[in-house]
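A.B. asks: Dropping a structure here in structure tokens format, bear with me for questions.
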Amino acid sequence: MIRALTTVAFLTVACALLLWAVNAATANPIADARQRAMQASLAKLAQGAALLRADDLAHWPVRLCDGISLVRANGRGYGGAIELALALTPTDAAPTITNLLVLHHSETPGIGDFIADPQGDRWLARFIDQTPTTLLARPEQLDAVSGATITVAAIRKTLKQALAAASAEADLFSSAGCS
Amino acid sequence: MDVSQESATQTLTRGIHRRNPAWSALLGLCPLLAVSNSLVNALGLATASAFVLIGANLTVSVLRRGIPEFARLPVFMLLIATLTTCAVLLLEAFAFELYQRIALFVQIIVTNCMILGRVETFASKQPVWRSLLDAIGTSVGFALALVVLGSTRELLASGVLGADLNDLFGAGVGESGLRLWPADATLPLARLAPGAFLTAGLLLAFASAVGQRQRARAAPDDLSKT
């Protein structure tokens, strides 16, 4: 009995060591890969506006030239936190969404992950050119996605809050530092 | 036939066609359906499952005399779970775009009955070499089912075979895949869940029919086998 328990304990320790080793070995590649994916996503958002430098990501909201600002918006979806990145431009003193994408989400694959555009359908594109006023109204073309009501509601709420915060922030669209 | 009497080749090929885990034993159907929406996703999961199955079979076979009888299943689960976590971490580190698509289904490899089944019925009683062959054969069989379904569904849904293969094989392979027919002659249903069930069902039916015919030919006068 003692021998059996010793074997089990030894195996447990061995497994823990293996996991620790693999985790340590892959921590840097994983961090690099995430960073690269984030850079690629944000480059897509910036879309030809002044190039993002690597250290720009440390200071949010990111102010680009050409009057575009990138902001991050956090909300809670069905499976966990949803993080969006929005490219905003001022139109008549109200921030308008020119582009947006999901940075991070935990929605159920196949049911709620359409927000992150796995099939290239760009469900999020319906929010482009929306302002705080148009988001507050209930446009008829924005229907829920069946089976993902909570996800859709979370996205709308997050966008509303982000636009409200951007409206309140005075110098979001200043072009200081651009040539 | 008693498994300890069979030849090495028979051990190896049992998992491929005689007792394929997907279409004969109907194991691992959840990842099979979910991840077969494209060839590269299917190959990714096949590789991860093979890693876990071969690792688990080898480890259990090496330790088979040391694992106490009463703690058999918890120990098996501990080993399989450890290997699954390693597979997830390695995939995230070295194939991040692919990981973003199939992460959930690599994590549930631990629940794939195919692995616990082979470990419990074979690796815990057979020597290391045989367990390795059994693991390889079963992995190849599962990969075969995944690849057949993955290719079929991807071709039907988009007309392109092997899009995004660079996510698995590196930048040398192109990412646009091989277009076999034009984009407006496609059946997008194949990419969605109902399409998964339909194509998987057809695959299982086909495999079952072929198996029945083989059995009938092997014993033509024995009607009880058809």
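A.B. asks: Does the stretch B:58-70 contain any residue that is under 23 Å from B:Leu161 (Cα atoms), β-branched (Val, Ile, Thr) and in a helix (DSSP H, G or I)? Walk me through how you get there before you give the answer.
C.D. replies: Kept after step one, since they are under 23 Å from B:Leu161 (Cα atoms), are these residues of the stretch B:58-70: none.
Scanning the stretch B:58-70 turns up no residue that is under 23 Å from B:Leu161 (Cα atoms), β-branched (Val, Ile, Thr) and in a helix (DSSP H, G or I).
A.B. asks: Kindly indicate whether B:Leu178 is touching a residue at least 40 places away in the same chain (Cβ under 8 Å) and either in contact with a Gly (Cβ under 9 Å, 6 or more places away or on another chain) or open to solvent by less than 40 Å² (accessible area, probe 1.4 Å) (or both).
C.D. replies: no
A.B. asks: Say we look at the stretch B:93-106 and pick out the residues that are within 22 Å of A:Ile111 (Cβ to Cβ) and at the interface with chain A (Cβ under 7 Å from one of its Cβ atoms); which of these is surrounded by the fewest Cβ atoms within 10 Å (Cβ to Cβ)? I'd like the intermediate steps shown before the answer.
C.D. replies: At the first step, the residues of the stretch B:93-106 found to be within 22 Å of A:Ile111 (Cβ to Cβ) are B:97-106.
Checking which are at the interface with chain A (Cβ under 7 Å from one of its Cβ atoms) leaves us with B:101, B:104.
Numbers: B:Arg101: 21, B:Leu104: 16.
The selected residue is B:Leu104.
A.B. asks: Considering the stretch B:89-143 alone, what residues qualify as being of a type in the set (Val, Ile, Thr) and within 16 Å of the chain's Cα centre (by Cα)?
C.D. replies: Result: B:Ile102, B:Val106, B:Ile108, B:Ile109, B:Val110, B:Thr111, B:Ile115, B:Val119, B:Ile136, B:Thr138, B:Val140.
A.B. asks: Being open to solvent by 10 Å² or more (accessible area, probe 1.4 Å) and aromatic (Phe, Trp, Tyr) narrows it down to one of B:Phe51, B:Phe76, so name that one. Give the derivation first.
C.D. replies: On the way: B:Phe76 fails: open to solvent by 10 Å² or more (accessible area, probe 1.4 Å).
Of the residues listed, the single one that is open to solvent by 10 Å² or more (accessible area, probe 1.4 Å) and aromatic (Phe, Trp, Tyr) is B:Phe51.
A.B. asks: Among (1) of a type outside the set (A, V, I, L, M); (2) over 16 Å from the mean Cα position of the chain (by Cα); (3) over 24 Å from A:Arg34 (Cβ atoms), there is one condition A:Phe127 misses while meeting the rest; what is its number?
C.D. replies: Condition not satisfied by A:Phe127: (2).
A.B. asks: Taking the stated definitions as given, is B:Ala135 touching a residue at least 12 places away in the same chain (Cβ under 8 Å) and under 21 Å from B:Gln100 (Cβ atoms)?
C.D. replies: So B:Ala135 does not fit the description; no.
A.B. asks: May I pose another question? Mind checking which pairs have a first residue in the stretch A:18-36 that is within 8 Å of another protein chain (Cβ to nearest Cβ) and a second that is surrounded by 12 or more Cβ atoms within 10 Å (Cβ to Cβ) and among the β-branched types (Val, Ile, Thr), Cβ under 7 Å, 6 or more apart or different chains?
C.D. replies: A:Leu18/B:Thr82; A:Leu19/B:Thr82; A:Leu19/B:Thr85
A.B. asks: Related question: Cβ-Cβ distance below 9 Å, separation of 6 or more or different chains: which pairs start in the stretch B:63-83 with a residue that is closer than 11 Å to A:Thr7 by Cα and more than 7 Å from chain A (Cβ to nearest Cβ) and end on one that is outside any loop (DSSP other than H, G, I, E, B) and not basic (Lys, Arg)?
C.D. replies: B:Leu63/A:Thr7; B:Leu63/A:Leu11; B:Leu63/B:Val75; B:Leu63/B:Leu79
A.B. asks: Would you confirm, using the coordinates I've provided, whether A:Asp56 is among the acidic types (Asp, Glu), over 20 Å from A:Ala154 (Cβ atoms), in a helix (DSSP H, G or I) and modelled with pLDDT under 85?
C.D. replies: Taking the combined requirement at face value, the residue satisfies it.
A.B. asks: Right, next: Would you check which residues across the stretch B:181-210 are within 14 Å of chain A (Cβ to nearest Cβ), closer than 21 Å to B:Pro21 by Cβ and open to solvent by 50 Å² or more (accessible area, probe 1.4 Å) and list them?
C.D. replies: B:Phe197
A.B. asks: Then there is this: Please go through the stretch A:71-95 and give me each residue that is outside any loop (DSSP other than H, G, I, E, B) and crowded, with 19+ Cβ neighbours inside 10 Å, ordered by number.
C.D. replies: Across the stretch A:71-95, the qualifying residues are A:Val71, A:Ala73, A:Gly75, A:Ile82, A:Leu84, A:Ala85, A:Leu86, A:Ala87, A:Leu88, A:Pro95.
A.B. asks: Separate question: I'd like to check something: does the stretch B:3-25 contain any residue that is assigned to a loop (DSSP other than H, G, I, E, B), within 11 Å of chain A (Cβ to nearest Cβ) and buried (at least 21 other Cβ atoms within 10 Å of the Cβ)?
C.D. replies: The answer is no; no qualifying residue exists.
A.B. asks: Can I ask one more? Looking at B:Asn41, B:Asn57 in this structure, which one is within 24 Å of A:Arg34 (Cα to Cα) and surrounded by 23 or more Cβ atoms within 10 Å (Cβ to Cβ)? Even if it seems obvious, please write down each step before you answer.
C.D. replies: On the way: B:Asn57 fails: within 24 Å of A:Arg34 (Cα to Cα).
That would be B:Asn41, the only listed residue that is within 24 Å of A:Arg34 (Cα to Cα) and surrounded by 23 or more Cβ atoms within 10 Å (Cβ to Cβ).
A.B. asks: Can you tell me which of (1) open to solvent by 20 Å² or more (accessible area, probe 1.4 Å); (2) of a type outside the set (Asp, Glu); (3) farther than 30 Å from B:Ser38 by Cα; (4) modelled with pLDDT under 85 is the one A:Ala49 doesn't meet?
C.D. replies: So A:Ala49 meets the others, but not (1).
A.B. asks: Could you figure out which of (1) under 30 Å from B:Phe70 (Cα atoms); (2) modelled with pLDDT under 85 isn't true of A:Gly110?
C.D. replies: Among (1) under 30 Å from B:Phe70 (Cα atoms); (2) modelled with pLDDT under 85, the lone unmet condition for A:Gly110 is (1).
A.B. asks: Which condition breaks for B:Val52 when tested against (1) touching a residue at least 12 places away in the same chain (Cβ under 8 Å); (2) at the interface with chain A (Cβ under 10 Å from one of its Cβ atoms)?
C.D. replies: With (1) touching a residue at least 12 places away in the same chain (Cβ under 8 Å); (2) at the interface with chain A (Cβ under 10 Å from one of its Cβ atoms) applied to B:Val52, the lone miss is (2).
The values are calculated or read from the model by the stated rules, or taken from the named source; none is laboratory data. On a predicted model such as this, the values are computed, not experimentally measured, just so you know. Because the Cβ atoms are built from the backbone with ideal geometry, glycine has one as well, and the counts that use them run over all protein chains shown. Remember, those area values only see protein heavy atoms, side chains included, never the ligands or the DNA or RNA. Shrake-Rupley method; radii C 1.70, N 1.55, O 1.52, S 1.80 Å.
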